[in-house]
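Bear in mind that the values in this text are calculations on the coordinates, not laboratory data. Computed from a predicted model, the values in this text were never measured in an experiment. Cβ placement follows ideal geometry from the backbone for every residue including glycine, while neighbour counts extend to all protein chains displayed.
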Amino acid sequence: RQFDKLTDKQLGFFWRPEEVDITKDQKDFKDLTEWEQHIFTSNLKRQILLDSVQGRSPNAAFLPLVSIPELETWIETWAFSETIHSRSYTHIIRNVYSNPTKVFDELMDIQQIVDCANSITESYNSLIHKTKLYELLGEGTHTLNGKKESVSLYELKKLLWLCLMSVNILEGVRFYVSFACSWAFAELKKMEGNAKLIKFIARDENVHLASTQTLLKILPGDDPAFKKIAKETEQECIDMFMEAVEQEKEWADFLFKDGSMIGLNTELLNQYVDWIAHKRIQAVGLPSPIKV
């Protein structure tokens, strides 16, 4: 029932990017200072890349391992909502920039964005790779292209656990610096169409976050192997959170390297990241090393 409720909630939130008028945002963008344009465009690039990863990955990574119809339906619904986010960013770019192609072409030019994307895809790739080996070859040690690959159900469960934790961190921590900037622009009566779209996206991300938190709570209670894995990987999971916190703070430094915004600066964003990460760490039953 928990996943049916999440599906119902997500479907109830359905929206189309085209419903939000962002014609004023084009004029607003031209009136922004050079460093404000840097903040806005850099955040948009990062959101596009993170949501591109997240758009296809839940289906590819989790569906082969799911046997419960309610959970399968939820994952399909979750992935569909991510495609709406992707279309939202396209809607923003086409309406705000005179040369949208340039924004897309420069996505990978910012090292902090590449580092963040690599951090997320690592967990997904490991799980997807090991799942395929398990499906094709079963448990045991196999030689593929001259390389030995060990496959066990326990190891697969461990990779699933770490992947769920990584996604939980993505949905619960990694978007929030860019969200905060969008809302700060709106407080100044600038880029308000963009902020409205981001509000819808953030609302969806909270539902996705609830699903990973639910799975991370249910699995150790249902399966002794996951209970053991949760204890075994506790420090690794805390380290994953802290890596995300560090990357978010580095991102804030990058955004404000040429100047801050009225009502928002690096110090405030760092405090916000610490506060939200502390909440997310505790929500999945881990001890938080963050002092807030």
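Summed over qualifying helices (DSSP H, 4 residues or more, each -39500 (n - 2.57)) and divided by its residue number, the chain shows a 222 nm mean residue ellipticity of -25500 deg cm²/dmol. Sequentially through the stretch 75-84, phi angles give Karplus couplings (6.51, -1.76, 1.60; θ = phi - 60°) of 5, 4, 5, 4, 4, 5, 5, 5, 5, 5 Hz, Gly and Pro residues having no value and appearing as x. Label-to-label distance for Asn99 and Lys9 is 4.4 nm, based on points extended 7 Å past Cα in the beta-carbon direction. Against the longest alpha carbon principal axis of the chain, how many degrees, from 0 to 90 and to the nearest 10, is the axis of helix 34-62 turned? Between helix and principal axis, roughly 20 degrees.
Projecting the Cα atoms of Gln271, Ala252, Val207 onto the charge dipole of the chain (Cβ charges, centred on the Cα centre) puts Val207 farthest toward the positive pole. Across the options Asn99, Thr121, Ile110, the greatest Cα extent toward the positive end of the charge dipole of the stretch 63-134 (unit charges at beta carbon of Lys, Arg, Asp, Glu) belongs to Asn99. Considering only alpha-carbon pairs that sit under 8 angstrom and 6 or more positions apart, the relative contact order computed for the stretch 71-166 is 19 percent. Projecting the Cα atoms of Gln10, Gln37, Gln26 onto the charge dipole of the stretch 1-61, computed from C-beta unit charges around the Cα centre, puts Gln10 farthest toward the positive end. Each Lys and Arg contributes +1 and each Asp and Glu -1, all at the Cβ; summed about the Cα centre of the chain, the dipole is approximately 380 debye.
A simple packing score, the average count of other Cβ atoms within 10 Å per residue, orders the peptides 231-241, 69-79, 9-19 as 69-79, 231-241, 9-19, with the highest score first. Seen against the Cα atoms of the chain and their longest principal axis, helix 234-255 is set at about 20 degrees.
Taken about its Cα centre, the stretch 151-292 carries a charge dipole of roughly 420 debye when the Cβ of each Lys and Arg holds +1 and the Cβ of each Asp and Glu holds -1. From most to least packed by mean Cβ count within 10 Å, the peptides 134-143, 88-97 give 88-97, 134-143. Structural descriptor for the stretch 230-292: relative contact order 35 percent, calculated from alpha carbon pairs under 8 angstrom and at least 6 residues apart. Taking the chain as the reference, fit the longest principal axis to its C-alpha atoms, fit the long axis of helix 176-187 to the helix C-alpha atoms, and give the angle between the two in degrees, 0 to 90, nearest 10. Orientation of helix 176-187: about 20 degrees from the principal axis.
Across the chain, the mean sequence separation of Cα contacts (distance under 8 Å, 6 or more residues apart), normalised by length, yields a relative contact order of 23 percent. Rounded to whole Å, the principal axis extents of the Cα atoms in the chain read 62, 43, 39, largest first.
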